[in-house]
Amino acid sequence: MLRITGVVLCWIFFVGGLWLYMNNRPEPLRIETEVLEEATGEYRIEVVTSSRLVPDPFALDVSDKKPASLELYANGEEVLSVSDELDAGSVLVVGNPKGLIKGINEFFVSASPPLENSGISHAVRVRVYSGTELIADLTLWSEPCMKLSATFTADLAGDSTSE
């Protein structure tokens with residue numbers, strides 16, 4: 001009988017303590033969200049490869065999308081995805097890319113060099129234009145034996161860049 005009483009008292013203590021905590025905790029802070037405005041105007045992104053790129057041989061096959069040799073994302077939205085092999089010096093141009101906003105934009109670039117060139121560094125040059133004006137001009141480098149994965153930002157209102 002004493003064990004049953006002890007178990008009941010423990011349950012009352014723990015469940016009662018949890019009930020007191022849940023009823024007396026402070027209200028969570030409300031986070032104000034800012035509405036982001038889409039960038040208007042004529043924008044163009046130009047990507048130049050420094051070496052041959054091939055589809056990623058180690059990519060997981062989880063959808064019907066082929067592995068990409070080069071991918072470019074703007075603020076989390078896919079802007080460019082090339083699943084074919086690209087030669088060194090290939091120039092890819094994306095006119096009026098989707099996903100750009102007024103203010104600071106974050107870009108992600110991923111490029112897959114061939115395995116036989118894994119001992120050297122590879123580069124991808126990315127330029128962002130507003131009309132004919134150059135906003136961002138960055139050369140992104142990979143480490144030797146690594147796939148190139150890099151991010152950079154471009155301010156479409158203030159026209160400044162950082163890596």
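Summing Cβ point charges (Lys, Arg +1; Asp, Glu -1) relative to the Cα centre of the range 1-151 gives a dipole of roughly 720 debye. Among the chymotrypsin sites (Phe, Trp or Tyr not before Pro) found in the range 28-137, those both in a DSSP coil and sparsely packed, with 13 or fewer other Cβ atoms within 10 Å of their Cβ, are F58. Available extension along the chain between R25 and I4 is 4.4 nm, counting 0.36 nm per residue and deducting the alpha carbon span.
Can you tally the net charge around E46? Count Lys and Arg as +1, Asp and Glu as -1, for every other residue whose Cβ sits under 15 Å from the Cβ of E46. So the environment of E46 carries a net charge of 0. Dipole orientation for the chain: of the candidates L140, I120, P28, P28 has the Cα lying most toward the positive pole (charges on Cβ; Lys, Arg +1; Asp, Glu -1).
Solvent-accessible surface of the chain, averaged per residue with a 1.4 angstrom probe and all protein chains in place: 68 square angstrom. Among E42, E32, E71, whose mean-square fluctuation peaks in a Gaussian network model of the chain (Cα, cutoff 10 Å)? Checking each option, the largest mean-square fluctuation is seen for E32. Kindly express, to the nearest 10 degrees and within the range 0 to 90, the angle between helix 2-24's C-alpha long axis and the longest C-alpha principal axis of the chain. Value to nearest ten degrees: 50.
Rounded, prolate or oblate: which fits the range 1-86, taking a ≥ b ≥ c as square roots of the Cα gyration tensor eigenvalues, rounded meaning a/c under 1.5, else prolate when a/b beats b/c? Oblate is the answer for the range 1-86, as a/c is 1.5 or above yet b/c matches or exceeds a/b.
Computed from label points 7 Å out along Cα-Cβ, the spacing between F13 and T40 is 6.7 nm. Fully extending the segment from F58 to E77 would add 4.6 nm, taking 0.36 nm per residue of separation and subtracting the current Cα-Cα distance.
Scaled against the 2.2 N^0.38 Å expected of a compact globular protein of N residues, the Cα radius of gyration of the chain reads 1.68.
The alpha-carbon of K66 sits under 29 angstrom from the alpha-carbons of these lysines, leaving out residues fewer than 8 places away in its chain: K98, K147. Loop-only GluC sites (Glu not before Pro) in the range 84-145, please: DSSP not H, G, I, E or B, and at most 16 other Cβ atoms within 10 Å. The qualifying sites are E85. For the range 8-163, calculate the relative contact order in percent as a whole number, restricting contacts to Cα pairs under 8 Å that are 6 or more residues apart. Relative contact order here is 24 percent. What is the percent carbon and sulfur in the accessible area of the range 20-163, measuring with a 1.4 Å probe over the protein chains and ignoring ligands? Answer for the range 20-163 is 51 percent, counting heavy atoms of protein chains only.
The values are calculated or read from the model by the stated rules, or taken from the named source; none is laboratory data. All of these numbers come straight from a predicted model, not from anything done at the bench. Positions of Cβ are generated from backbone atoms using ideal geometry, with glycine treated the same way; all protein chains shown enter the neighbour counts. Remember, those area values only see protein heavy atoms, side chains included, never the ligands or the DNA or RNA. Shrake-Rupley method; radii C 1.70, N 1.55, O 1.52, S 1.80 Å.
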